[in-house]
Amino acid sequence: MRRVQVGIVGAGPAGLLLAHLLHRIGVETLVLEAKSRAYLETSPHRIRAGVLEWGTKEILLAAGLGERMEREGLEHRGVYLAFDGALHRVDFPTLAGGRSIWVYGQQYAVRDMIRLHLERGGEILFEHEVLGVEEPERNPVLVYRTPEGRTERVQTEFAVGADGSHSALRGLIPGARVHRRTYPFAWLGILAETRPAAEELIYASHPRGFALFSMRSPTLARNYLQVGPEERLEDWPEARIWEELALRLDGVAEVRPGPLLEKSLTPMRALVVEPMQHGRFFLIGDAAHVVPPTGAKGMNMAVADAVALFRALRAFYLEKDPTFLGSFTEEALRHVWQAEFFSYWMTTLLHTHEDPFAEGLRLAQLRHLGESPHLLSFLAENYVGLHTTGRWAETLKALA
Ligand code: PHB
């Protein structure tokens, strides 16, 4: 049977970053991915949030994966909140210690990671579906199907489930609890060839519902509308979408309709798996936790998990120190719950609620936020990311 030190299931941001970091320190990895490379790089179903926290950008740069992001991504030094017919700017450098964020589509980041990992001698097997993991606790063996339909096995020292929000591997952790929340909203998202409504993102809270005006480039707008969880795409012809976006922007900025490249519905839910490990098996990224998209935290959490597990495996392989592996869940759940909390807070704050009491509370907080630099700092610090701990810096140093 083939052997590898770390077997990773899933070529998304979490799995690819972990593989890449381990490869850099000489730990041998194999990434198994059920989908094709073309699907991962181009499928419209995979157009995810494009916001990279400060710490995420730093890690990608330190890992040698951020060159194109630096060239083609957009640095944003703030976002706007729109409510009561006015724009309120949240200035990140002033409110959050000089830091900013980068707008760069997740799909682009994945494309860069795949290309660079392969160029540097890493191995990713696309269209190889993992069917199960035998003996995950002591001696994990990944069982997978090749594109030709053969069933094969690889013996690993550690196995990692990074297989996304519909993870098939979650069940491998006996007694794991899955904490869930369903939000009573969905997002109707469009990608359109047009100039974005503003140079920075606008989070607009309007009596008709929430709307977000984001972008992928100066000529590609990415916009979203809060809709009910039961709504169907057929009910939203192009003209109605543009009309609704304009109404919710309420004269504070201009919406310029343009050709639609994509249209999708995203349900809003949250999920946290606890613990995230069992013996020699670990879960990272969306496989372990899901957030609603409002805070744009999903990919950033995947990166933070990959960094935490990398640190633990690095200590194990290079320093023969297994303690960080033992405390992986505890460490990861800190940033996971922080991001769950912020996503919950942003979602609750910006979406209109049916219950008038909830709506009254929401508007009170939103209006206070608009007047208070203290409250805005809370938003800004969470938005650019809270990776100010010594551990993050240690990892960056180790990669330098
Ligand atoms: C996006 O650009 O797709 C995006 C940006 C910010 C969010 C969510 C999605 O909070």
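Pulled fully out, how much extra length does the chain show between H368 and R111, if you take 0.36 nm times their separation in residues and subtract their Cα-Cα distance? List each step's numbers first, then the result.
Values: separation 257, 0.36 × 257 = 92.52 nm, distance 4.13 nm.
That works out to 88.4 nm of additional length.
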**Prompt:** For region 1-159, what proportion of DSSP beta bridges, expressed in % and rounded to the nearest 5, is antiparallel?
**Reply:** 65
**Asked** What are the trypsin sites (Lys or Arg not before Pro) within region 66-175 that DSSP puts in a loop, where the Cβ has at most 15 other Cβ atoms within 10 Å?
**Response** R120, R138, R150
**Request:** Compute the separation of the alpha-carbon centres of region 309-374 and region 37-66 and state it in Å as a whole number.
**Result:** 20
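When Rg is the radius of gyration of the Cα atoms in region 19-105 and Rh is its Kirkwood radius, what does Rg/Rh come to?
On the way: Rg = 17.2 Å, Rh = 15.8 Å.
Looking at region 19-105, the ratio lands at 1.09.
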**Asked** Taking GluC sites (Glu not before Pro) as exposed when DSSP calls them loop (any state but H, G, I, E, B) and at most 10 other Cβ atoms lie within 10 Å, what is the longest stretch of the chain free of them, the sites themselves excluded?
**Response** 1-147
**Asked** Starting at 0 and stepping by 5 Å, how many percent of the alpha carbon pairs of region 304-398 end up in each bin?
**Response** 3, 11, 17, 17, 13, 10, 9, 8, 6, 4, 2, 0
**Asked** What is the dipole size for the chain, taken about its Cα centre, with +1 at each Lys and Arg Cβ and -1 at each Asp and Glu Cβ, in debye to the nearest 20?
**Response** 600
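Between R145 and R120, what length in nm is gained on full extension when 0.36 nm per residue of separation is reduced by their alpha carbon distance? Provide the component values of the computation, followed by the final result.
Values: separation 25, 0.36 × 25 = 9.00 nm, distance 2.56 nm.
Taking 0.36 nm per residue and subtracting the Cα distance, the gain is 6.4 nm.
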**Request:** Name the residues whose placed amide hydrogens come within less than 5 Å of the amide hydrogen of V79, ignoring near sequence neighbours (fewer than 5 apart) on the same chain.
**Result:** V90, F92
**Item:** Solvent-accessible area per residue, Å², over the chain with all protein chains present [probe radius 1.4 Å]
**Value:** 42
**Asked** Using the Karplus equation 6.51 cos²θ - 1.76 cosθ + 1.60 (θ = phi - 60°), what ³J(HN,Hα) coupling, rounded to whole Hz, does each residue of region 354-362 give in order, writing x for Gly and Pro?
**Response** 6, 6, x, 5, 4, 5, x, 4, 4
**Message:** With a cut-off of 8 Å between alpha carbons and a minimum separation of six or more residues, what is the relative contact order of region 268-400 in percent?
**Reply:** 20
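Give, as a single signed number, the net charge of other residues whose beta carbon lies under 10 Å from the beta carbon of A380, with Lys and Arg counted +1 and Asp and Glu -1. Don't skip to the end; give the middle numbers.
Working: positive: R99; negative: D91, E381.
Around A380, the charge tally is -1.
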**Asked** Of all accessible surface on the chain at a 1.4 Å probe, what whole percent is carbon and sulfur?
**Response** 51
**Message:** Using the basic label-point model (7 angstrom from Cα toward the beta carbon), what is the T219 to A86 distance in nanometres?
**Reply:** 3.7
**Request:** Measure of size requested: the Rg and Dmax of region 200-346, with Cα atoms as the atom set and Å as the unit; please supply both.
**Result:** 19.9, 61
**Förster radius 41 Å - calculated FRET efficiency between F341 and M1 (Cβ-Cβ, nearest 0.05)** = 0.40
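What is the local net charge at G105, summed over the other residues whose Cβ is closer than 13 Å to its Cβ (Lys, Arg +1; Asp, Glu -1)?
Values: positive: R46, R48, R68, R111, R216, R222; negative: E41, E72, D112, E262.
Residues close to G105 contribute a combined charge of +2.
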**Message:** At q = 0.06, 0.07, 0.14 Å⁻¹, what log₁₀ I(q)/I(0) does the chain have when each alpha carbon counts as one equal point scatterer in the Debye sum?
**Reply:** -0.24, -0.32, -1.25
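First select every other residue whose beta carbon is under 14 angstrom from the beta carbon of R120; then total the charges, Lys and Arg +1, Asp and Glu -1.
-3
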**Complete:** Excluding near-sequence neighbours (fewer than 8 apart on one chain), the chain holds lysine pairs with C-alpha atoms under 26 Å apart numbering 7
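Based on DSSP, what percent of beta bridges with both residues in the chain are antiparallel, to the nearest 5?
If I count the DSSP bridges inside the chain, around 75 percent turn out antiparallel.
Taking N as the number of residues in region 97-195, what value does Rg over Cα atoms divided by 2.2 N^0.38 Å take? Walk me through the numbers before you get to the answer.
On the way: Rg = 18.8 Å, N = 99, 2.2 N^0.38 = 12.6 Å.
Region 97-195 yields a ratio of 1.49.
Sequence gap at least 6, Cα distance under 8 Å: using those rules, report the relative contact order of the chain to the nearest whole percent. Write down the numbers at each step before the final one.
Working: 804 pairs, mean separation 81.3, N = 400.
Reported relative contact order: 20 percent.
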**Rough spin-label spacing in nm, given labels placed 7 Å along Cα→Cβ, for L233 and L375** = 3.8
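The values are calculated or read from the model by the stated rules, or taken from the named source; none is laboratory data. These figures come from a predicted structure and were not determined experimentally. Note that we place each Cβ from the backbone using ideal geometry, even for glycine, and neighbour counts take in every protein chain shown. Just so you know, the surface numbers come from the protein's heavy atoms only, side chains and all, with ligands and any DNA or RNA stripped out. Shrake-Rupley method; radii C 1.70, N 1.55, O 1.52, S 1.80 Å.
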